[in-house]
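Worksheet for the structure shown next.
The values are calculated or read from the model by the stated rules, or taken from the named source; none is laboratory data. Since this is a predicted model, take the numbers as computed values, not measurements. Virtual Cβ from ideal backbone geometry, glycine too; neighbours counted across all protein chains shown.
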Amino acid sequence: MDLKEPELRDALQQFDSLIIEYPDDRHAIPEFTSFITKLVKTKTNTVTLPIEDVMAIMKEKKPLVFSILRSEYSNNIMINVVTHIDKEYGEAYRKLNDLKRKLGIILKY
């Protein structure tokens, strides 16, 4: 564990739980919108928020949730911006897992 970013660590652990525990359906939308809001507001000292990596993974792992967020929440500027970030899944997965290792998070998925 190299980095001391407790808020980011908590947010990424919550993301892991969302990906594992929630289905890819409309009922999970409130949990994911709440998470995105929390992630965007996360304060860090030494690293940039991995928003584009998180969204690329969400797009791959929860395509229906991502699609609903993108289309039905387009009037929410924050959701609109983060759902229109385009990053390749493999690169995002590697980059996010590297950050999680540095934060001391055990990989779950």
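I'd like to verify a number: residues in segment 81-109 that are modelled with pLDDT under 95 and among the small types (G, A, S), how many?
Residues meeting the conditions: 1.
Out of all the residues in segment 68-77, is one or more in contact (Cβ under 8 Å) with a residue 12 or more places away in the chain and closer than 26 Å to L103 by Cα?
No, because not a single residue in segment 68-77 is in contact (Cβ under 8 Å) with a residue 12 or more places away in the chain and closer than 26 Å to L103 by Cα.
Determine which member of the set T46, T33, T42 is touching an Asp or Glu at 6+ places or on another chain (Cβ under 6 Å) and touching a residue at least 12 places away in the same chain (Cβ under 8 Å).
None of the others qualify; the one that does is T42.
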